[in-house]
1. What percent do you get for the relative contact order of the range 3-143 when only Cα pairs under 8 Å and 6+ apart count?
2. Largest first and in whole Å, what are the equivalent-ellipsoid semi-axes of the range 15-96 based on the Cα gyration tensor, each being the root of 5 times an eigenvalue?
3. Calculate the FRET efficiency for Leu144 and Asp31 from the Cβ-Cβ distance with a Förster distance of 22 Å, rounded to the nearest 0.05.
4. Karplus couplings for the range 23-28 from phi (6.51 cos²θ - 1.76 cosθ + 1.60, θ = phi - 60°), rounded to Hz, Gly and Pro as x?
5. Given H placed 1.01 Å from N in the peptide plane, which residues other than close sequence neighbours of Gln51 have an amide H under 5 Å from its amide H?
6. Net charge near Thr28, counting Lys/Arg +1 and Asp/Glu -1 over other residues with Cβ under 11 Å of its Cβ?
7. Which of the peptides 92-102, 55-65 is most tightly packed, and how do the rest follow, going by the mean number of other Cβ atoms within 10 Å of each residue?
8. Along the range 95-110, what does the Karplus equation 6.51 cos²θ - 1.76 cosθ + 1.60 (θ = phi - 60°) give for ³J(HN,Hα), rounded to whole Hz, x for Gly and Pro?
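Taken together, the values in this text are just the output of simple stated rules run on the coordinates, not laboratory data. The structure presented is a predicted model; accordingly, all values stated were derived computationally and were not measured. No Cβ is skipped: glycine too gets one built from the backbone with ideal geometry, and neighbour counts run over all protein chains shown.
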Amino acid sequence: MAHRVLVLNGPNLNMLGTREPQTYGSQTLADIEKMAIAEGKTLGLEVTCRQSNIEGELVTWIQQALGNFDAIVINPGAYSHTSIAIHDAFRAVALPVIEVHLSNIYTREAFRHHSYVSPVAMGVICGLGATGYRLALHALAEKL
Ligand code: DHK
């Protein structure tokens, strides 16, 4: 059976395409999700994509992933830098997680240099734009 991967995107990522394209690229979230589903297929992964601007909704989806998904790819957006609740949810479900950021958070403002998700992630990819999601799926296809 194909491994099931949940791809989550956090706040403001629904605005990709128009939001600071010099930082986040010109692809829309719909473009990225379409690419992730197609890439997943070539790797034998069943990819489901969701986006929310609401922290609690992301927490609920992480909780509900237990038993329904084999791994999670997440770009937590700004919640990376603030959310102990998302950190705790990942610890609670103990599923393999790959954290993705489109931009290189370490070349940006100091407040973006710390992520609460990184300590509970299997791996972290940043600075490679939408390619980061593809690489995350490749890593999961090898490791699951
Ligand atoms: C996306 C965001 O929305 C920011 O809040 C993060 C991340 C970086 C990204 O690069 O994808 O700081």
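1. Dividing the mean separation by the residue count of the range 3-143 yields 28 percent.
2. 22, 19, 9
3. The calculated FRET efficiency here is 0.30.
4. Values, residue by residue: 9, 10, x, 9, 6, 7 Hz.
5. Those lying under 5 Å, H to H, from Gln51 are Asn9.
6. Numbers: positive: Arg19, Lys34; negative: Asp31, Glu33.
Within the 11 Å Cβ shell, the charges total 0.
7. Values: 92-102: 20.6, 55-65: 17.1.
Taking the mean over residues of other Cβ atoms within 10 Å, the ranking is 92-102, 55-65.
8. 8, x, 10, 10, 8, 10, 10, 5, 8, 7, 5, 7, 9, 10, 4, 4
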